[in-house]
Amino acid sequence: MADPERSGAAAPAPGAGRAGQAADAAPSAVSAAAPPEAAGALALFAWLSPSFPVGAYAYSHTLEWAVEAGDVTDEASLAAFLGDLVVLGFGRSDGILLAHAHRAAAAGDGVALAEVNELAVALAPSAELRLETCQQGRSFLDAVRAAWPIPALEALAPTLSGEVAYPIAVGLAAGTHGIALPATLEAFLLATAQNLVSAAVRLAPIGQTAGTRVVARMAPRVRALAAEIPVLTLNDIGSATFRADLGSFRHETQYTRLFRS
C-alpha cells in the first residue's frame, strides 16, 4: 500500500471519506454567501403567482358585492365585469402607476418613486380598496426584499416607509431588478385578471373551466392595454367603473362576506 506522506498524495480531510460529503459542502457554503444578483424576468412567475405571500386571496376588489347585487351571475357577466375593471378601471390606472414607478426605480429616483406612491395611495376610492392595495403592496415589497435582495432595491425601499400601493411595489421590484417594463405590465395585468377570476370561482357564479375561458378571453385585451400604457402620463389616469367603486362602499356593510373588499 502506498504511503501518502512518501508519495506526495494529500491525505483525505477528516470526515470526507463518505463519497466526498465534506467536499460537497464547501461549494454550497460559498454559493450561499455569494452576493445577490438581479432576479431576471423569471422572477415575475414567482412574484405574481397566487402562492406569493401578498394575501391576494383575501380580496375580491368589489366582485363579492357584484355577485351579491346580481351584476355577476355567469361566465358572460363575469367577463364583462372583469373586462371593465381591468381595461376601463383600476387595472389601467394601476398599470400607469406601475410604469412610472418602474422608471423611477430604474433611474434610482427615490423622490419620483415616493411621489407616485403617494398618488397611488390617495387614488384608492374607498377604505377597503386602500387597505387592499396597501396591504398587498407592503407584503409584496417585504417578501421580495427578503428573498431577492439587491443593493438597488435596498437603496430605494426606505423611501416607501409607510403605506405602499401594490403596483408601486411591483414597479419598484421589477425596475431595480432590470425586468423590462412591457413584460412586467403584461404579467401584472393578467395576474390581476386571474386573481379576480379565482375569487369568482370561490363565490360560485362560475366553475373552474369557465373561469379559465374568461382568463383566455382577457389575454388579448391585457396585451393591448400593456402596449398602450408606456406612453401614458399620470394625467391619463382615470376610471369609468363608478358602479364598482360605489359597490366597494356597500361591501363594507354587506351582511355576509368572504372577502375583505
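Values in this text are rule-based calculations from the coordinates and carry no lab data. Predicted model only: the values in this text are computed from it and were never measured. Note: ideal-geometry Cβ built from the backbone for every residue, glycine included; neighbour counts use all protein chains shown.
Numbers below:
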read-out	value
Check: segment 93-251 dipole with +1 on Lys, Arg Cβ and -1 on Asp, Glu Cβ, in debye	660
Prolate/oblate/rounded label for segment 199-261 (Cα gyration tensor, a/c 1.5)	oblate
Per-pair calculated FRET efficiency, R0 = 22 Å: Glu118 and Glu37 via Cβ, rounded to 0.05	0.10
Cα gyration tensor, segment 108-169 - rounded (a/c under 1.5), prolate or oblate	oblate
Cut-off 13 Å (backbone N to label point 7 Å along Cα→Cβ of Leu131), residues of segment 60-104	60-62
Ellipticity estimate at 222 nm from DSSP helix runs (n ≥ 4, -39,500 (n - 2.57)) divided over the chain, nearest 500	-19000 deg cm²/dmol
HN-Hα J in Hz across segment 139-151 - Karplus 6.51, -1.76, 1.60, θ = phi - 60°, x for Gly and Pro	4, 5, 5, 5, 5, 5, 5, 6, 9, 10, x, 9, x
Full-stretch length increase - Ser49, Arg217 - with 0.36 nm per residue and alpha-carbon distance subtracted	58.5 nm
Inter-label distance for Ala147 and Ala240, nm, one decimal - labels placed 7 Å from Cα along Cα-to-Cβ	3.8
Difference of contour (0.36 nm per residue) and Cα-Cα distance, Leu88 to Ala224	47.7 nm
Ranked packing of 111-123, 217-229, most packed first, by mean Cβ within 10 Å	111-123, 217-229
Spin-label pair Ala58/Gln208, simplified geometry with 7 Å Cα→Cβ offset, distance in nm	2.5
Distance histogram in 10 Å bins (all Cα pairs of the chain, percent per bin)	7, 28, 30, 15, 7, 6, 4, 2, 1
